[in-house]
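No lab work stands behind these numbers, since they all come straight from the coordinates. All of these numbers come straight from a predicted model, not from anything done at the bench. Here the Cβ positions follow ideal geometry from the backbone for every residue, glycine too, while neighbour counts run over all protein chains shown.
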Amino acid sequence: MTTIPRRSRRRTFTALITAGLLAGSLAACAGGGNTTGAAPADIPAEGVDDGSTLTLWTRAPLEKQAKLLVEAYNDTHENQVELTVVPNDDYVAKVGAAAGSNGLPDLFAADIVYVPNWVEQGLFQDISAQIDGLDFKDEINKGHLSAGTVDDKEHVLPFVLDLSMLFWNKELFEEAGLDPEKAPANLEEFAEAAKAIQALDKPDVYGTATGLNCGGCLVFTWFPTVWADGEDVLSDDGMESLLASDTAKEVYSTWKDLWDSGAVLPSSQDEAGPTWTAGFTEGKVGLMYYPATLLSSTPFDAGVAGIAGPDGGASTFVGGDGIGISKDSKQSPQAWNFLNWLMSEDAQVGVLAKNKDVVSRADFATNEYSEADPRLVTINEVAGQGDTPVALNFQQAFNAPGSPWLTLVRNAVLGDGDTVDADNEEITAILQQ
């Protein structure tokens, strides 16, 4: 896989704070400021496994992985973890309420874009001493470690990584006269493949799909097309949007052409996120940018590659969840035992890789399961080539319903495409508030 190196970018995740209401509510709950406590420094390197009962919360999108991890840990340890899976839309409110009543579980996972805010609010214990003591620390995904680092103090480890990747339906590729074993090398080839599949004129089958009313979906899948060409989407300080560049405009114009040609699943126009991957999973979409965590549940032979830009390359949005010990836990040594095991080969390879999920340690990227399925090697390799955007008002600018980012995309793809510069300025205005 050919990758165009991106210029180095400062990754100060401590500046990333999500929506104002979230920040305000958690500040009130946690007492405001960084009040995080440190886990006891004398915790044994592997923690304590003495038969304690630990509680763990995760959000529903990671239920499958969380259950597999908890079951494997419980089967091999005296400690027992009780898992609570919370609906995604309820998770932030549940964490906020629990933080205010000192009722957080021993361990809880958080979407990586929320981690910096929750660390700032003191919801996680400082586990710097424990993380720094790991002889494989340099192999752990740096984006997730950085997200949980404030004032050089570390608070979370990766729980489950999720990457945006290019997936394609090999059967539909073959029917359309495309090489089913070869990924489109650039954005133009992506569009050509989508149109070729559309030209099959199969009932209810479309070339590609996306979420044109889902800011988070578009961030997750379209930002990498810019990064793959070695460019940024935001300034280093997160105060300026760079999404009116020539590269970005080529992305929008390509998707506008795909939409106008009828090669995009029609429901993409109003797709707000809940079902944005369903068309591909059902075999009704030829190729699309897709979450790597869905590989194991894709019911047909799919090709997988990094997301290419107009000039080629490959990149990905490094998402997923981080996990740490809550401020309310009285069982830090036992909770660390779980986190330490989570980073082990037994968990990373024996559970996650076996389930076709991304490993969080670079030294496990090639393993017995990836050797049997080269797609896993591709996913693991691209994980080290991806990025996560950094901005103070990221949520308001990009993920919120009706965000200026959504306005830009909808105007560019569904409209006449003449307002990109002005819409980009609106994104910058939100970022600078």
statement: Counting sequence-distant residues (5 or more places) and residues on other chains, those with an amide H built under 5 Å from that of ILE307 are LEU166, SER315
Proxy reagent accessibility, fewest Cβ within 10 Å first, across VAL86, VAL359, VAL226: VAL86, VAL226, VAL359
- prompt: Each residue of the range 197-212 in turn: what ³J(HN,Hα) in whole Hz from Karplus with 6.51, -1.76, 1.60 and θ = phi - 60°, glycine and Pro shown as x?
  reply: 5, 4, 5, 5, 6, 7, x, 6, 10, 10, x, 8, 7, 7, x, 7
Under the Karplus curve 6.51 cos²θ - 1.76 cosθ + 1.60, θ = phi - 60°, whole-Hz ³J(HN,Hα) for the range 215-223, x wherever Gly or Pro sits: x, x, 4, 6, 4, 4, 10, 9, 4
field: Given (1) 92, 50, 46; (2) 63, 50, 36; (3) 92, 58, 45, the label whose value is Cα extents along the principal axes in Å derived from this model
entry: (2)
- line: Surpassing 21 Å at the alpha-carbon level, of the pairs LYS94/LYS137; LYS67/LYS354; LYS249/LYS284; LYS170/LYS284; LYS94/LYS354; LYS195/LYS356, are LYS94/LYS137; LYS249/LYS284; LYS94/LYS354; LYS195/LYS356
query: Which of the peptides 49-58, 409-418 is most tightly packed, and how do the rest follow, going by the mean number of other Cβ atoms within 10 Å of each residue?
result: 49-58, 409-418
query: What is the spread of the Cα atoms of the range 265-351 along each of their three principal axes, largest first, in whole Å?
result: 52, 29, 28
query: ASP416 to GLU192: FRET efficiency via 1/(1 + (r/R0)^6), r the Cβ-Cβ distance, R0 30 Å, to the nearest 0.05?
result: 0.80
query: Say each of PHE300 and ALA45 gets a label point 7 Å from the Cα, pointing the same way as Cα to Cβ; how far apart are those two points in nm?
result: 5.0 nm
message: Give the aspartates and glutamates reachable from LYS153 as a straight Cα distance under 14 Å; neighbours fewer than 8 places away on the same chain don't count.
response: GLU120, ASP126, ASP132
query: Summing +1 for each Lys or Arg and -1 for each Asp or Glu, what net charge is found among the other residues whose Cβ lies under 11 Å from the Cβ of GLY262?
result: -2
statement: re the range 149-299: pairs of Cα atoms spaced beyond 21 Å account for a percent value of 48 percent
message: Rounding to the nearest 10 and keeping the result within 0 to 90°, find how far the Cα-based axis of helix 246-260 lies from the longest principal axis of the chain.
response: 60 degrees
- line: Burial-style ranking of 61-71, 155-165, 269-279, average other-beta-carbon count within 10 Å with highest first, yields 155-165, 61-71, 269-279
message: How tilted is helix 20-30 with respect to the longest principal axis of the chain? Cα atoms for both, answer in degrees (0 to 90, nearest 10).
response: 10 degrees
- prompt: Per-residue HN-Hα couplings for the range 163-175, Karplus 6.51 cos²θ - 1.76 cosθ + 1.60 at θ = phi - 60°, whole Hz, x for Gly and Pro?
  reply: 10, 8, 9, 8, 10, 9, 7, 5, 5, 5, 4, 5, 4
- prompt: What Kirkwood hydrodynamic radius, in Å, does the range 74-180 give when the mean of 1/r is taken over all pairs of distinct Cα atoms and then inverted?
  reply: 16.9 Å
